[in-house]
Amino acid sequence: ILNVEQSPQSLHVQEGDSTNFTCSFPSSNFYALHWYRWETAKSPEALFVMTLNGDEKKKGRISATLNTKEGYSYLYIKGSQPEDSATYLCALSQGGSEKLVFGKGTKLTVNP
Amino acid sequence: DTAVSQTPKYLVTQMGNDKSIKCEQNLGHDTMYWYKQDSKKFLKIMFSYNNKELIINETVPNRFSPKSPDKAHLNLHINSLELGDSAVYFCASSQDLRQGYQETQYFGPGTRLLVL
């Protein structure tokens, strides 16, 4: 069974704090790693798709890095705002498999 | 305009009934998916279709039958509903699964199914 682990499960920070969380996955047969942002009662929304070891992607105050050799990706949020409150999901695809396997997500709450 | 839409948003029904959930995407994508968010909050793939052809069929009871009348629609029909079918079901689409899994998936708003 392919496991995609995310930590921590939940996180509370103050407005203005910077934060980061982790997605861990099996490094063998890596194909792509996706990050999604999922606000309560809305649809998951794609943030990044990462494919190359050492990849770094940025979208506004959110950035992500990828290490395929050791099997992890970090998501960073700089200067968190209350509107960043959401669950952040990562999902893995492996070569030879035509499906995404999702982690359980990290639920971020940013307090004003 | 909503890119991926699902109807209904909420569905409350009795055990044993048959129900359908509809999904439509207006993105011109070739591939569509059904996911189930289980009780542990994981999103798990159920089915995917590429241009009306079934590509992925995970270990799902055969009471669940997807139907794709055209590449913009993927409906999910569930027969003989059971209590354990209560979950949130998400539809998604992507450009073309056959091009590889670098394609971003776009999700619908989810259908919250409650079986009593």
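The values are calculated or read from the model by the stated rules, or taken from the named source; none is laboratory data. Keep in mind that what you see is a predicted model, and the values were worked out from it rather than measured. Glycine gets a Cβ as well: all are built from the backbone with ideal geometry, and neighbour counts include every protein chain shown.
Key figures
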| quantity | calculated |
| --- | --- |
| Test result for A:Thr40, closer than 23 Å to B:Val88 by Cβ, within 14 Å of chain B (Cβ to nearest Cβ) and among the β-branched types (Val, Ile, Thr) | yes |
| Only one of B:Lys44, B:Lys67, B:Lys36 that is free of Cβ contacts under 8 Å to residues at least 40 places away in the same chain and under 29 Å from A:Asn3 (Cβ atoms) | B:Lys44 |
| Residue in region A:44-65 that is surrounded by 20 or more Cβ atoms within 10 Å (Cβ to Cβ), in contact (Cβ under 8 Å) with a residue 60 or more places away in the chain and not in a strand (DSSP E or B) present | no |
| Members of region A:83-98 found to be surrounded by fewer than 22 Cβ atoms within 10 Å (Cβ to Cβ) and either within 14 Å of chain B (Cβ to nearest Cβ) or part of a loop (DSSP other than H, G, I, E, B) (or both), listed by number | A:Ser85, A:Ala86, A:Thr87, A:Gln94, A:Gly95, A:Gly96, A:Ser97, A:Glu98 |
| Answer from B:Ser80, B:Ser39, B:Ser93, B:Ser48 - the residue that is assigned to a strand (DSSP E or B), polar (S, T, N, Q) and more than 10 Å from chain A (Cβ to nearest Cβ) | B:Ser93 |
| Selection within region A:40-92 - out of contact with any Gly (no Cβ under 8 Å at 6 or more places or on another chain), of a type in the set (Ser, Thr, Tyr) and within 25 Å of B:Gly110 (Cα to Cα) | A:Thr40, A:Ser85 |
| Qualifying residue in region A:66-82 (condition: within 14 Å of chain B (Cβ to nearest Cβ) and part of a strand (DSSP E or B)) | yes |
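Residues checked against (1) surrounded by fewer than 18 Cβ atoms within 10 Å (Cβ to Cβ); (2) more than 14 Å from chain A (Cβ to nearest Cβ); (3) assigned to a loop (DSSP other than H, G, I, E, B); (4) out of contact with any Ser or Thr (no Cβ under 7 Å at 6 or more places or on another chain):
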{"site": "B:Asn17", "(1), (2), (3), (4)": "yes, yes, yes, yes"}
{"site": "B:Ser20", "(1), (2), (3), (4)": "yes, yes, no, yes"}
{"site": "B:Gly28", "(1), (2), (3), (4)": "yes, yes, yes, yes"}
{"site": "B:Ile55", "(1), (2), (3), (4)": "yes, no, no, no"}
{"site": "B:Asn62", "(1), (2), (3), (4)": "yes, yes, yes, yes"}
{"site": "B:Pro66", "(1), (2), (3), (4)": "no, yes, no, yes"}
{"site": "B:Asn75", "(1), (2), (3), (4)": "no, yes, no, no"}
{"site": "B:Tyr89", "(1), (2), (3), (4)": "no, no, no, no"}
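Every residue, every condition in (1) at pLDDT 95 or above; (2) over 30 Å from B:Cys23 (Cβ atoms); (3) in contact with a Lys or Arg (Cβ under 7 Å, 6 or more places away or on another chain), yes or no:
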| position | (1), (2), (3) |
| --- | --- |
| A:Ser7 | yes, yes, no |
| A:Ala32 | no, no, no |
| A:Lys42 | no, no, no |
| A:Met50 | no, no, yes |
| A:Ile77 | yes, yes, yes |
| A:Ala91 | no, no, no |
| A:Lys99 | no, no, no |
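Yes/no per residue for (1) over 20 Å from B:Tyr33 (Cβ atoms); (2) within 15 Å of the chain's Cα centre (by Cα):
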position	(1), (2)
A:Glu5	yes, yes
A:Asn20	yes, yes
A:Cys23	yes, yes
A:Asn29	yes, no
A:Ala32	no, yes
A:Trp35	no, yes
A:Ala41	yes, no
A:Pro44	no, yes
A:Phe48	no, yes
